[in-house]
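Everything on this sheet refers to the single structure shown next.
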Amino acid sequence: MQNTSINFKRQVTIKLADVKLQGALSRLQTRFVEGRAAVIGEINDLQETRTAAAAIRDRVLNDLEYWLLHFEQQAIARGAIVHWAETGADVNRIVAEIAARHGVRTAAKSKSMVSEECGLNDALELAGVEVMETDLGEYILQLAHEAPSHIVAPVVHKNMEEIADLFAEKHQLPRKTDIAELCREAREVLRPAFLNADMGISGGNFLLAETGSVLIVTNEGNGRLVTTLPRVHVAITGIEKVVPTLEDVTTLLRLLPRSATGQSITNYVSVLTGNKDSADHDGPEHFHIILLDNGRSSLLGSEMQEMLRCIRCGACMNHCPVYQNIGGHAYGWVYPGPMGSILTPLLGGLENAPDLPNASTLCGACAVVCPVKIPLPDLLRKLREKQMERGMKSRQETFMLKAWAWLALHPAIYAIATKIGVRLMRILGGKEKLLHHLPGARGWTDGRDFPAPAGMTFRELYKRGVHK
Amino acid sequence: MNARDKILSKIRNSQARTAAGSVAGTVAQTEMRDSYLALHPRGPLPPPLDNLVAGFKERAIKLSSDVMEASDSKDVPILLARYLSERKLPVSGVCWPSLAGLPWSTAGLDIQSRPAKNQDLVGVTGAFCAIAETGTLMMLSGPETPATTSLLPETHVAVLDPRRIVATMEDAWNLMRKEYKQPPRAVNFISGPSRTADIEQTVTLGAHGPYRVLLILAPL
């Protein structure tokens, strides 16, 4: 998928004014935020479990080569073919080669954010393979030629009316007006795609080193269908997704669905190992696993390594006041919200996404809900530091930061400047005690007024004993 | 250098290790990794349940599965016939070979022992075991236990021996390790009917898999 993060600020203005989008985003807040809150307490000791989950991910990341090779060895022993891909383009080439080798004409695909990184669908269409997205959300997006706006609920930005119009137009069937009817229509349209597909394409939530298995969590059953019916199965995932043992993945599974959708477990958890046996009635004859790097290895051993713990639950974006107001498309690439604001600059270049590390109030909600304890606000702050060090900030921002730093180091002058500042702002605030414009802070005052200070600084008030 | 070697060398470089030092590792490192795999330690567990069967039923119903109980497996077909007729559902379908011996036709059902096809509307399976913590079935694929039977039909019926209910997924893995050396091609954990919440985050039962899951607890 093309990275358009450079347009972030322009997109934000458009998204904030989009009434339909704002309605859709408010639903996300109630269903996902409240959904998580309702079930996360089921976990016996949440903090202990989060600590254990982070330790499992760290064990792998600190020794990634060993665990990857162990996984590869076990997977090959069971008959899978393991491919390694440095870039998204390499993934596309490998899948096209697999398709050509097995005479594949049609592919049914379950949701995979890694495949979105690669832009796999377009590449396969060019190679003459017809690809059908089968996750309901991804199918809707494929019909509408749109990109996902959330890593778990890809079509969160669309409402039922829009989807009803889209289905009526594309399916040439009477327009449905009810969500259950729309779901049944999609089921009936897509069933033949599963039955006729030569190849099934899935992601992989986890790779199990102990058994050489790919684990996927799904709700709709499409993940099971695309990995059971077609004669070829290709699973695509990132190199960081390895987990040592079945017990380790079980600990992560207590956290993942609860954090993502507020479910104590997803409907299906499928652990896929090797090809079908000669006596089996179902299962693929050929199982290919593609491990994508795409810049992940460069985060190892760096101050950003903790980002690779991510298990893609989406809780950070669901709880982010910025994501809640602008949705996922404004971020300009596959991964939105706090995790995307870190991953996009790291995988696609800080210079291509200069606004993302700053698209956060650092309120800390993301770090509180992250099931694997990624210190997301700290990582965002580190990216901002990098921007400053590399001279990537605007002249105005650099000047302001330097001026503030100088003031902060000179307390006497700081006291005088703030005394003048708050008095001036009180006068400008007038009777309403509100500032409609503030030089250098249009981003703030365009949408709302700035409350005028009371007229004295905190230190003045403190000295007078107002605190008593 | 192929892509595999390049990626592995990037990993080593990022972590400032040499090829020899990384995979081979020191003796202590190797022992640590081996013992971790051999011991596969458990993480924090949920509090133990007093009654596995009651706990399993409660959680399964919460996840929209239907639950029935029989004191004898011979009564399973009668219970299923009642369930299907109450819901005006078709009375024909398929089952796993291990359940072919139940008196289906006596109960007025036409249940054939073969893997499911697309047009089959009822699929009857057993289960390897079930997990009380989440109300989940654990299915192991194989020639006698085809995965499609619990997937293609609109109604999935699982006949489960209550003695095969374990407390946690960790216990289920151990049972699998005890009875089989390695996982089969597909291990599927099933927790209720397929569902989607992609449209307006509204949960709708029956996406691409079954619309309903009936669990019949009966000694097998």
**Asked** With B:Lys62, B:Lys10 as the choices, which residue is surrounded by fewer than 17 Cβ atoms within 10 Å (Cβ to Cβ) and out of contact with any strand residue (DSSP E or B) (no Cβ under 7 Å at 6 or more places or on another chain)?
**Response** B:Lys62
**Message:** Against the definition (part of a helix (DSSP H, G or I), on the phi < 0 side of the Ramachandran plot and in contact with a Lys or Arg (Cβ under 9 Å, 6 or more places away or on another chain)), how does A:Glu351 come out, yes or no?
**Reply:** yes
**Request:** Could you please let me know if A:Ile265 is more than 22 Å from A:Leu136 (Cβ to Cβ), crowded, with 24+ Cβ neighbours inside 10 Å and of a type outside the set (S, T, N, Q)?
**Result:** no
**Fill in**
Within the stretch B:194-212, of all residues that are crowded, with 19+ Cβ neighbours inside 10 Å and among the hydrophobic types (A, V, I, L, M, F, W, C), the one farthest from A:Arg31 (Cα to Cα) is B:Ala207
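Considering only residues that are outside any helix (DSSP H, G or I) and at the interface with chain B (Cβ under 10 Å from one of its Cβ atoms), look in the stretch A:151-181 and name the one that is surrounded by the fewest Cβ atoms within 10 Å (Cβ to Cβ). Give the derivation first.
Residues of the stretch A:151-181 outside any helix (DSSP H, G or I): A:151-159, A:172-178.
So of that shortlist, the ones also at the interface with chain B (Cβ under 10 Å from one of its Cβ atoms) come out as A:152-156, A:158-159, A:178.
Values: A:Val152: 24, A:Ala153: 27, A:Pro154: 25, A:Val155: 24, A:Val156: 28, A:Lys158: 22, A:Asn159: 16, A:Asp178: 12.
Checked the stretch A:151-181; the qualifying residue surrounded by the fewest Cβ atoms within 10 Å (Cβ to Cβ) is A:Asp178.
Filtering the stretch A:182-197 down to residues that are touching a Phe, Trp or Tyr at 6+ places or on another chain (Cβ under 8 Å) and touching a residue at least 40 places away in the same chain (Cβ under 8 Å), which residue is surrounded by the most Cβ atoms within 10 Å (Cβ to Cβ)? Break it down into steps so the answer makes sense when it comes.
Our first condition is that a residue be touching a Phe, Trp or Tyr at 6+ places or on another chain (Cβ under 8 Å); within the stretch A:182-197, this holds for A:182, A:185-186, A:190.
From the residues that got through so far, the ones that are touching a residue at least 40 places away in the same chain (Cβ under 8 Å) too are A:186, A:190.
Details: A:Ala186: 26, A:Leu190: 22.
In this case the residue turns out to be A:Ala186.
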**Message:** I'm told A:Ala279 meets every condition in (1) free of Cβ contacts under 8 Å to residues at least 40 places away in the same chain; (2) of a type in the set (Gly, Ala, Ser); (3) not assigned by TED's automatic domain parsing to the domain that holds A:Asp198 except one. Can you identify the failing condition by its number?
**Reply:** (3)
**Asked** Would you pick out the residues in the stretch A:287-302 that are part of a strand (DSSP E or B) and either more than 19 Å from the chain's Cα centre (by Cα) or modelled with pLDDT under 95 (or both)?
**Response** A:Phe287, A:His288, A:Ile289, A:Ile290
**Message:** I need every pair where a residue in the stretch A:37-52 that is facing chain B (nearest Cβ under 9 Å) has its Cβ under 7 Å from the Cβ of a residue that is exposed (fewer than 13 other Cβ atoms within 10 Å of the Cβ), sequence separation at least 6 or different chains.
**Reply:** A:Asn44/B:Pro47
**Filtered residues of the stretch A:182-222 (kept if at the interface with chain B (Cβ under 9 Å from one of its Cβ atoms) and in a helix (DSSP H, G or I))** = A:Leu182, A:Cys183, A:Arg184, A:Ala186, A:Arg187, A:Leu190, A:Arg191, A:Pro192, A:Phe194, A:Leu195, A:Asn222
**Prompt:** What are the residue pairs meeting all of these: first residue in the stretch A:63-77, first residue part of a helix (DSSP H, G or I), second residue of a type in the set (Gly, Ala, Ser) and at pLDDT below 95, Cβ atoms under 8 Å, and 6 or more apart or on different chains?
**Reply:** A:Glu65/B:Ser22; A:Tyr66/B:Ser22; A:Tyr66/B:Gly25
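Grab the helices (runs of 4 or more DSSP H) fully contained in the stretch B:1-116, keeping just those with 1 or more residues being within 10 Å of chain A (Cβ to nearest Cβ) and closer than 16 Å to A:Asp63 by Cβ. Walk me through it before giving the result.
Details: elements: B:3-14, B:27-39, B:52-62, B:76-86.
Result: B:3-14, B:27-39.
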**Complete:** Of (1) outside the structural domain of A:Val232 (by TED's automatic domain parsing); (2) within 27 Å of A:Gln74 (Cα to Cα), A:Glu303 fails just (2)
**Request:** Working only within the stretch A:247-277, note down all residues that are assigned to a loop (DSSP other than H, G, I, E, B), at the interface with chain B (Cβ under 7 Å from one of its Cβ atoms) and small (Gly, Ala, Ser).
**Result:** A:Ser264, A:Gly274
**Complete:** The condition of being within 21 Å of the chain's Cα centre (by Cα) and facing chain B (nearest Cβ under 9 Å) holds, among A:Arg59, A:Arg31, only for A:Arg31
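Across the stretch A:409-453, which residue is nearest to the chain's Cα centre (by Cα) among those that are part of a loop (DSSP other than H, G, I, E, B) and surrounded by 14 or more Cβ atoms within 10 Å (Cβ to Cβ)?
Initial filter on the stretch A:409-453 (part of a loop (DSSP other than H, G, I, E, B)): A:409-410, A:430-433, A:436-441, A:446-449, A:452-453.
Cutting the leftovers down to surrounded by 14 or more Cβ atoms within 10 Å (Cβ to Cβ) gives us A:433, A:438, A:449, A:452-453.
On the way: A:Lys433: 41, A:Leu438: 34, A:Asp449: 32, A:Ala452: 38, A:Pro453: 39 Å.
The residue in question is A:Asp449.
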**Message:** One residue is enough: does the stretch B:126-149 have a residue meeting the conditions surrounded by fewer than 19 Cβ atoms within 10 Å (Cβ to Cβ) and over 24 Å from A:Arg184 (Cα atoms)?
**Reply:** yes
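The values are calculated or read from the model by the stated rules, or taken from the named source; none is laboratory data. Since the structure is predicted, the reported quantities are computational estimates derived from the model, not experimental observations. Note that each Cβ is placed from the backbone with ideal geometry, even for glycine, and that neighbours are counted across all protein chains shown.
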